[in-house]
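Where a number appears in this text, it was derived from the coordinates with a stated rule and is not lab data. Everything numeric in this text was worked out from a predicted model, so none of it was measured. No Cβ is skipped: glycine too gets one built from the backbone with ideal geometry, and neighbour counts run over all protein chains shown.
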Amino acid sequence: MGHDYTGAKKIALKTIIILAVVTVVEVLIALTGKGYIVEGYHAPKLLMNSLMISMSIYKAYLIVFEFMHMKYEAKGLMMSVLLPVCLLIWAVIAFLYEGNAWKNNRRVVHDRDKIELTHTPAKTE
Amino acid sequence: MATDTLDQKHTELSTDNGSWEGGEYPFKVGYGKLMIWYFLLSDAFTFAGFLIAYGTLRFSTPTWPVPDYVFRLFPFLDGSHPLLFVTFMTFVLLFSSFTMIRAVQEGHRENRRGIVIWMFLTILGGLGFLGCQAWEWTTLIGKEHMSLTTNPFGAHTEAGIYLGPDGKQSEESFEAHTSYIIHKMDFSADHEAAGHATEGEHAGTGHATEGEHKEEAGAEGGHGGHAYAAPGDYPDAKVDERGYIHRKYIVASGENAGKVMSENFGPKAFGALFFFITGFHGFHVFSGVLFLLTILVNVMGGVYVARRNRNEMVEKIGLYWHFVDLVWVFVFLVFYLL
């Protein structure tokens, strides 16, 4: 048990250091993407965003598996908690697609409103 | 205290006070621990719902306030420090997550003194985070005049040139996608000040407002500002009834080139989403601090020693606390980084 304890202590320290470093890198990536680090240079948004998203997922993995000890739990417990979370993948894709569709349709609705406005006086006359 | 730590996992479980009556421990954990996992799963869905709503609304509008512009102030420092303060907040929460895991480890080896010290540090971290959030909210509401329904942070869709006080083009131009903040004049405060002052001192009052406004403008990087006496249409800006100053500019690119426009409020949903989601997270931190305090008092009173389950209660609040940190990872990503 004593050995376990020092081992666990080491893992906790290692995990927190990794989490801190990843966070700093994430912030640097965000600032580089917006042109703060290299004067006037805006890194490609898609690349920066996917980097930051994958790093956040890695952070989440570290927190759940090391800090929350999911790694050491029974497989059934792990599956019953983690598998439902996978539903969110589709939720994210579907809703962001939906949001984008709203944006595109806003233009269509706007144009249609204009058409109706120009036609209304003709009808009333 | 550390003498009975050699107990095997299942003998501890068998001395548990019998929540699982079937003789076998489903998933080899106590009832409470399994249930906190399922609670956290449901809570994860709640937060995911909120964050997905944020993403959907963000995708549905042509512009969105840029986080490194919105979150650029730092207490006691002048100028623009994009994302510095929220990074600091993240570190406070990460640190408290580390002290929490140390408390759980001390709990496993029945070291009551260790639990108390590390849990106490965790509570300090939680309170520190809440303090940071209080400052962040105060700045947004009090200084930058953001509210649930008014969002002074916007971004230009086209390039343009601001108009000067004479209604002509000024030196100040901007590119498309440049962020701006709509400043606010406090007319009601002006009237009170004017009421106290004699007529001869009116010019002085106006000057004070100007100075204040300039200071505010300086904090966000040099949008020239000057005082307006009352709401109305000025050559260089429109001032609405609530005192928000919508600066005018000539569009320099796109299909509207050459037109004079005034700055509009940013997407309305931003304020509501920000206050609701960070508020909901902050409320989790707040209740977490209360739970931590309760359990800390119980640990000091030796309540969990009697249960002989290696301080499982400390482990359970630990799970909750790490979850709060986990949620922050995604709030941080969605609100501040992307």
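Need the list of lysines near B:K238 for cross-linking: C-alpha distance under 21 angstrom, and skip anything on the same chain fewer than eight residues off.
By straight Cα distance, B:K238 reaches B:K143, B:K168, B:K184, B:K214, B:K248, B:K259, B:K268.
Going by how many other beta carbons lie within 10 Å of each one, how would you line up A:V108, B:V303, B:V104, B:V285, fewest first?
Fewest-to-most Cβ neighbours within 10 Å comes out as A:V108, B:V303, B:V285, B:V104.
Averaged across B:87-100, how many Cβ atoms of other chains sit within 10 Å of each residue's Cβ atom?
Shielding by partners across B:87-100 averages 3.
Can you give the Rg and Dmax of the range A:1-73 based on its C-alpha atoms, in angstrom?
Cα only, the range A:1-73: 16.3, 56 Å (Rg, Dmax).
Could you state the number of Å between the C-alpha centres of the range A:1-60 and the range B:244-316?
Using only Cα atoms to place each centre, the spacing works out to 21 Å.
Based on DSSP H runs of at least 4 residues, each adding -39500 (n - 2.57), what is the mean residue ellipticity at 222 nm of chain A after dividing by all its residues, to the nearest 500 deg cm²/dmol?
-28000 deg cm²/dmol
Compute the FRET efficiency between A:K75 and B:W137 as 1/(1 + (r/R0)^6), taking r as their Cβ-Cβ distance and R0 = 45 Å, and round to the nearest 0.05.
Efficiency for this residue pair is about 0.60.
First measure r as the distance between the Cβ atoms of B:N264 and B:V297, then evaluate 1/(1 + (r/R0)^6) with R0 = 60 Å and state the FRET efficiency to the nearest 0.05.
Efficiency at R0 = 60 Å is approximately 0.70.
When Cβ neighbours within 10 Å are restricted to other protein chains, what is their mean count per residue of peptide A:63-71?
Across the residues of A:63-71, the mean count of other-chain Cβ atoms within 10 Å is 6.
Restricting attention to the range B:105-178, which GluC sites (Glu not before Pro) occupy a DSSP loop and are surrounded by at most 11 other Cβ atoms within 10 Å?
Loop-located and lightly packed - B:E175.
By how many nm would the segment from B:D233 to B:F88 grow when fully extended, if each residue of separation counts as 0.36 nm and the alpha-carbon distance is taken off?
48.0 nm
Tell me the label-point distance for the pair A:L28, B:T178, using the 7 Å Cα-to-Cβ offset, in nm and rounded to one decimal.
Label-label distance for A:L28 and B:T178, simple model: 3.0 nm.
Taking 8 Å as the Cα distance limit and 6 or more residues as the minimum spacing, I'd like the relative contact order of chain A as a percentage.
16 percent
Tell me, what HN-Hα J-couplings in whole Hz come from the Karplus equation 6.51 cos²θ - 1.76 cosθ + 1.60 at θ = phi - 60° for each residue of the range B:162-167, using x for Gly and Pro?
For the range B:162-167, the Karplus-derived couplings read 5, 8, x, x, 8, x Hz, x marking Gly and Pro.
Once the Cα atoms of helix A:45-62 and of chain A are each reduced to a long axis, what angle between those two axes, in degrees from 0 to 90 to the nearest 10, is obtained?
Taking the Cα atoms of chain A, the angle to A:45-62 is about 40 degrees.
As a footprinting exposure proxy, order B:R109, A:R107 by other Cβ within 10 Å, with the fewest listed first.
A:R107, B:R109
Order these by the 10 Å Cβ neighbour count, fewest first: A:D111, B:D186, B:D236.
A:D111, B:D186, B:D236
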